[in-house]
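Only one structure is covered here, and it is reproduced in the block below.
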Amino acid sequence: MKTYIVNLPRCHDRRESILKECARFDLEAEIFPGVDGRELSETELRELVSGQAREHLGRGEIGCAFSHLGIYRDMMGKNIPIALVLEDDSVFNLDPKPLLEELARQPIDDCTGVFLLTRKQSNHYIFHDRHRRQAGSINFYRGWDGYGAYGYIITRKAAANICGFQTPLKFPIDFWRLYQINDLIRLYICEKEIIAIHPELGAVSLLENDRNAGGRARERYFKYIRKHIHNQRPFRLKVKYFFFRLWHGPNLRKGGT
């Protein structure tokens, strides 16, 4: 399976760290040059980012989103059916190769799958056999809500859908639920933590200052954009996901448990 690594050219230590991680499991990975949001001009920001998002997203978050969108466009341009996407502060807890090989063998031509290989308390999935998808010995469960973009698998169709929806950029790239409730992706969350954040590199996240700087205004914007995207959906999708949540609510589990 194609493997991409998002890395800013100036972050040599992070690049060396993630390449060592990939070498542990004989993974051939492509370093995909990340976008440094601090170097974007005001003209580029006006063209590529929606007005309110420009006010409330940090330059690091914007650059991160454009880096992932760049990977998605690369997949589309090169007709890559499915890929593993890593950020440069990731580490493997388990050998990913059997999982990657199994998913690569499965039919995914019309699949809009996004498979999170991480576990976060903010992630919620449906713990039920009907919504379980197996890849070798690993179980994935249908996700309801998910965050985090430091380790996931995405299909070309899902990548194309996200690119269209995030033009212009409206919110952080990893608000997975907002894509799912618009039928742009089908979210799956792994039962095991295949990928985690590096204990040292993750402690100095390049995005953390952005997240802390916005304060209440930033949280109000995120609340607004979630509500706006919920409300602008076609009526059929509102009904579909209302009953989806109602039916599966008793089986929802947190990703970190």
Based on DSSP, what percent of beta bridges with both residues in the stretch 2-254 are antiparallel, to the nearest 5?
60 percent
Would you work out if the stretch 1-85 is rounded, prolate or oblate? Take a ≥ b ≥ c from the square roots of the eigenvalues of the alpha-carbon gyration tensor; rounded if a/c is under 1.5, else prolate when a/b is larger than b/c, oblate otherwise.
oblate
Ranked highest first by the average count of other Cβ atoms within 10 Å around their residues, in what order do 240-249, 97-106 fall?
97-106, 240-249
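Taken together, the values in this text are just the output of simple stated rules run on the coordinates, not laboratory data. Only a predicted model underlies this, so the values are computations on that prediction, with no experimental measurement involved. Quick reminder, even Gly has a Cβ in these numbers, built from the backbone with ideal geometry, and neighbours come from all protein chains shown.
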